[in-house]
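Note sheet for the following structure.
The values are calculated or read from the model by the stated rules, or taken from the named source; none is laboratory data. This is a predicted model, so every value here is computed, not measured. Don't worry about glycine lacking a Cβ; one is built from the backbone with ideal geometry, like all the others, and counts go over all protein chains shown. Each accessible area value is taken on the protein alone, full model and side chains, heavy atoms only, with ligands, DNA and RNA left out. Shrake-Rupley method; radii C 1.70, N 1.55, O 1.52, S 1.80 Å.
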Amino acid sequence: MSKTDEWTAVWTAKKVIDHDQVLTAEPISGNALRIVTERRNDGILIATFSVNVVEGDDVARVHSGTDVEFVMNVPKGAIYRSSALAYAQANSLGLGGLSDLYTAINENSFRDYIPKETRFILRGLCQHTKVQKVARITDRLYEVHRYGLRSVKVLALNEYDLTAEAVRTGIERHGKCDLILASNPNCRPSSEAIQAAASAGVGVLKWAELLGALNNVK
């Protein structure tokens, strides 16, 4: 385990003990803690770290053994690259931030944890008749491979108020895309956000609009 973020287990324990389903949260090393919940009295081993842009190597360095079920990253809004997502999937690890760990506790699903929004997007895209497969480039950028048409990159932004700054920051942090999905169902993109996206050569779409666009976007 790394010494550069050896404080993260104590930090996480102090946060997660406030969850109403958590009975105990005990650090067992600088980068690991074990929590006992109302539905998991055998305990769940959580690895922790603190990285703003997460690669596969970052997850691997705190993945101390097969008993680890979830890897939690401290920074809110961190970016998870494809190598990190692939490592977690290959090793049956939940991966995410503190809010993701809270949700995993609520759902009593640690190794198989995927955020609800991601589950919804992946399921909907994979069920689309024009879609051959979907690859995750980051936790918010999807490459959608289509039958008979070129692949397109879709950036999912979940802001309630989608602003021009959110559009520019999303593209800057996650990479260029062909389409922006306003994935929050209550979002009404501002005219400035739509203009900022247009300046980057992309459109802003709601979910139903995205599904329709996948049939014919060149």
Item to check | Over the chain, relative contact order from alpha-carbon pairs under 8 Å, at least 6 apart, % | outcome: 12 percent
Next on the checklist: Going by Cα centres, segment 146-166 and segment 7-83 are how many Å apart?
Outcome noted: 29 Å
Next on the checklist: I'd like the projected area of segment 64-135, averaged over all directions, using the convex hull of its alpha carbons. Report it in nm² with one decimal.
Outcome noted: 5.5 nm²
Checklist entry - What does the charge dipole of segment 95-185 about its Cα centre add up to, to the nearest 20 debye, if the Cβ of each Lys and Arg holds +1 and the Cβ of each Asp and Glu holds -1? => result 520 debye
Checklist outcome for this item: For segment 35-164, the per residue accessible area (1.4 Å probe, Å²) is 46 Å²
Item to check | Measure of compaction for segment 109-218 (Cα Rg per 2.2 N^0.38 Å) | outcome: 1.02
Next on the checklist: Just to be sure I understand: with springs between alpha-carbon atoms less than 10 Å apart, which residue in T66, T37, T103 has the highest mean-square fluctuation in the Gaussian network model of the chain?
Outcome noted: T66
Item to check | Carbon plus sulfur fraction of accessible area for the chain, probe 1.4 Å, in percent | outcome: 48 percent
Checklist entry - Picking from A32, G77, T48, whose Cα lies most toward the positive end of the charge dipole for segment 9-103 (charges on Cβ: Lys, Arg +1; Asp, Glu -1)? => result G77
Checklist entry - How would H128, H145 line up by accessible area, probe 1.4 Å, largest first? => result H145, H128
Next on the checklist: How large is the convex hull of the C-alpha atoms of segment 162-218 per residue, in Å³?
Outcome noted: 76 Å³
Checklist entry - Out of the DSSP beta bridges found with both residues in the chain, what percent are antiparallel (nearest 5)? => result 55 percent
Item to check | For the chain, size of Cβ-based charge dipole, Lys and Arg +1, Asp and Glu -1, in debye | outcome: 860 debye
Checklist entry - For q = 0.13, 0.18, 0.30 Å⁻¹, what log10 I(q)/I(0) does segment 97-155 give under the Debye formula with an equal point scatterer on each alpha carbon and no solvent? => result -0.41, -0.67, -1.20
Item to check | Mean shadow area of the chain over all directions, Cα convex hull, nm² | outcome: 12.3 nm²
